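Beneath this line is the structure, given in structure tokens, with notes to follow.
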Amino acid sequence: MSENTPSPAAETPKKKKRLTREEQANIEVGTTEISRGTAKLLVFAFLAFVILIPTVQHIRELASGEPLGFLSLFADAPDAFKEGYGAKDLAGAGFVKRFNSGNKQLLKVFKDYETELEEDSYLSGLIPPMQALNTRTLLKGNELAVLGIEGWAFFKPGVDYLTGTPFLDAAQLRSRSLGAPEWEQPPEPDPRPALLELNAFLKAQGVQLYVVPAPVKPMIHPEQLSPRYADNDAPLQNPSFTPLVAELEAAGIKVIDLAPTLFEHKPSYLRTDTHWNSEGMQRAADEIARSVMATSDIKTGSLPLENNREVVINEGDITATTLELKGTDIFGAEETTIQQFTSDDQPLNFSDPAAEIVLLGDSFANIFSVNEDLNWGENAGLREHLAARFRQPVLAITMNDNGAFASREALFDLCARQGTGFFKNKKVVIYEFAARELAVGDWKTFDWSRIPQTTATTTAAAPLPPTDITGTIELVSRPPRPGTVAYKNCIVQLYLTGVEGLPEGDSALIRMYGMRDNKWTSAAEYKLGQQVRLRCEDWYEAAKTKKLATMKVETVALPDEIAFGDPPPELWAEEALETDAAPEPQP
């Protein structure tokens, strides 16, 4: 070793590297010591917790005489797969396509089972008191409700309409179109094709289309959502709304923007409900009637009317249903004064084929008009007030849900039966829907070119008196699971073949309750190929007398040769008189 070379002992020791907090934490976690007894106790507690809840659930089900819930999965899965595999619209398709169809139905059964577990669990009874505690102490809502200030509550999709991405953004439209579960038809998120095709069809019939997006509550009352909007001097709006209006008006569609009027005359909305209050609805009717009469040849008629004022007290749908706080003192009931309209002491007729005005609408059109589900009184809603402003009949097609397509679909089905002659004497169609539908709705398109060309409306046959019929289920729709939607009643459709008991024909389109008062009926369990015996009456008569026309309807897709050919009679049925088991489907 040379004289100038330092010895190893003389080398300067290296400086110890300073550890980051993350590195120090990883070392300590990696060396954490747990005694054997503690480990056993933790494992035992975890397994006990996992096993105890379903065990208690099964014991409760057995004690109540109900079948064990998980057994339904094994009962429903084979039928669901066979139904998907043997779907009639896949006739002639290959094995892979049919197998995938069956698999999608299986996925739906599994998802429904998960939802059923959540809803039927004895622990679900803790949700209302826990929500009440959360709301009272932390001032928090839930995934569908946002709490404001001074006792106000907001429907979260309405808030998202304002705070989310512009609804016409290309990436947003693409994302929404891919967002459906595998077993559902992908939604059509862009409102423009649906509105433009409807307008083109109506224009060919000499009918003017008016589009009326009903403002959502946070557009008009942002100051009740956050104090930062206390001095806001204009309604809020989604950035895509203005370009949408420009495109629609360029195509000849009249767009009626109610937001400025409702913002100017606040309060316009119910404090704890999704919808406008009676005064806001009346100002909306004023603005719609003024706009229509200023831009069309609709004139004031001479319909005889009587009116009456009534105070209605109710709990709003957000607090009572969405937050499940009905009956608590957290928000309490609120009241509004409604103005009812009748003619000769009878409710107004909203199915008059001679009406010049057609109203398509959702729950904003039905509130104060239809008491069922909404519970804010009747004979005092948008359709009544429009009839009063025009002093002439209004033909109303209004559904409480799915404003983006439900009323358009009902109009399409009506035209498929009656042809273009339905529009004889019609001058305007007013299409109202909640503005949030522009961002979250399914804007289904329909092939209006398939509507038969006729010169007059079809002459209605004499209503079918109550009649017992038997038939085999060829098609059937499904209601939503109770508690998963805002409404408590839902109507399903059945298409029956081999029908016996009708004066003529061997097929029928049946509507009946699939869900009533948030409980499934026997129709929710019907299967393809099952034979049923039903007591039926004319659907249109029942819709009027039983106030069914505005209820949510889950429809079936009739084959074109039926829908546009010789449509079957449409009937209403109550609970089944008797049923037979469905035969095994043939692959």
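The values are calculated or read from the model by the stated rules, or taken from the named source; none is laboratory data. Nothing here was measured: the structure is a model prediction, and the numbers come from that model. Neighbour counts run over all protein chains shown; Cβ positions are idealised from the backbone, glycine included.
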Does the stretch 143-158 include one or more residues that are among the β-branched types (Val, Ile, Thr) and closer than 30 Å to Arg478 by Cα? no
Out of (1) closer than 30 Å to Gly419 by Cβ; (2) out of contact with any Phe, Trp or Tyr (no Cβ under 9 Å at 6 or more places or on another chain); (3) of a type in the set (Lys, Arg), the odd one out for Arg290 is which? (1)
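Provide a single number: the residues in the stretch 165-222 that are of a type outside the set (Lys, Arg), over 22 Å from the mean Cα position of the chain (by Cα), within 30 Å of Asn425 (Cα to Cα) and not in a loop (DSSP other than H, G, I, E, B).
Going through the stretch 165-222 one residue at a time, the tally reaches 10.
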Among (1) of a type outside the set (Gly, Ala, Ser); (2) touching a Phe, Trp or Tyr at 6+ places or on another chain (Cβ under 9 Å); (3) not in a loop (DSSP other than H, G, I, E, B), the one test that Lys444 misses: (3)
Segments classed as helices (runs of 4 or more DSSP H), wholly inside the stretch 89-164, with at least 2 members that are within 21 Å of the chain's Cα centre (by Cα) and farther than 30 Å from Glu335 by Cβ: 95-120
Tell me, yes or no, whether the stretch 144-154 has at least one residue that is at positive phi and exposed (fewer than 12 other Cβ atoms within 10 Å of the Cβ). yes
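Restricting the search to the stretch 490-504, which residues are assigned to a loop (DSSP other than H, G, I, E, B) and modelled with pLDDT of 85 or more?
Gly501, Leu502, Pro503
Pick from Phe412, Phe405, Phe390: which is of a type in the set (Phe, Trp, Tyr) and within 16 Å of the chain's Cα centre (by Cα)? Outline the logic, then answer.
Values: Phe412 fails: within 16 Å of the chain's Cα centre (by Cα); Phe390 fails: within 16 Å of the chain's Cα centre (by Cα).
Step by step, each of Phe412, Phe405, Phe390 is checked, and only Phe405 is of a type in the set (Phe, Trp, Tyr) and within 16 Å of the chain's Cα centre (by Cα).
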If we scan the stretch 212-224, do we find a residue that is in the same structural domain as Glu378 (by TED's automatic domain parsing) and over 27 Å from Ala320 (Cα atoms)? yes
Restricted to the stretch 233-256 and to residues being of a type in the set (A, V, I, L, M), part of a helix (DSSP H, G or I) and in contact (Cβ under 8 Å) with a residue 24 or more places away in the chain, the residue nearest to Ala194 (Cα to Cα) is Leu248
Could you say which residue among Glu409, Glu432 is closer than 29 Å to Ala214 by Cα, assigned to a strand (DSSP E or B) and either assigned by TED's automatic domain parsing to the domain that holds Ser240 or modelled with pLDDT of 90 or more (or both)? Glu432
I want to confirm something. Restricting to the stretch 273-291 and keeping residues that are charged (D, E, K, R) and either in a helix (DSSP H, G or I) or over 27 Å from the mean Cα position of the chain (by Cα) (or both), which single residue is farthest from Trp152 (Cα to Cα)? Arg290
Filter result (out of contact with any helix residue (DSSP H, G or I) (no Cβ under 9 Å at 6 or more places or on another chain) and either exposed (fewer than 13 other Cβ atoms within 10 Å of the Cβ) or charged (D, E, K, R) (or both)) within the stretch 176-194: Leu178, Gly179, Ala180, Gln185, Pro193
Among the listed residues Val96, Val50, Val159, Val109, which satisfies the condition of being under 25 Å from Glu324 (Cβ atoms) and of a type in the set (A, V, I, L, M)? Val159
Scope the stretch 298-328; condition at positive phi and either in contact with a strand residue (DSSP E or B) (Cβ under 8 Å, 6 or more places away or on another chain) or free of Cβ contacts under 8 Å to residues at least 40 places away in the same chain (or both); matching residues: Gly327
Give the residue that is surrounded by the fewest Cβ atoms within 10 Å (Cβ to Cβ), with candidates limited to residues of the stretch 233-276 that are among the acidic types (Asp, Glu) and under 21 Å from Leu168 (Cβ atoms). Glu249
Asp352 surrounded by fewer than 24 Cβ atoms within 10 Å (Cβ to Cβ), over 27 Å from Leu147 (Cα atoms), more than 24 Å from the chain's Cα centre (by Cα) and assigned by TED's automatic domain parsing to the domain that holds Arg436: yes
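Rundown of residues vs (1) modelled with pLDDT under 95; (2) over 30 Å from Val207 (Cα atoms); (3) part of a strand (DSSP E or B), yes/no style:
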position	(1), (2), (3)
Arg271	no, yes, no
Met293	no, no, no
Pro304	yes, no, no
Lys326	yes, yes, no
Gly332	yes, yes, no
Thr342	yes, no, yes
Leu374	yes, yes, no
Quick one: is Leu414 without any contact (Cβ under 8 Å) to a residue 60 or more places away in the chain and either in the same structural domain as Thr165 (by TED's automatic domain parsing) or under 30 Å from Ala171 (Cβ atoms) (or both)? yes
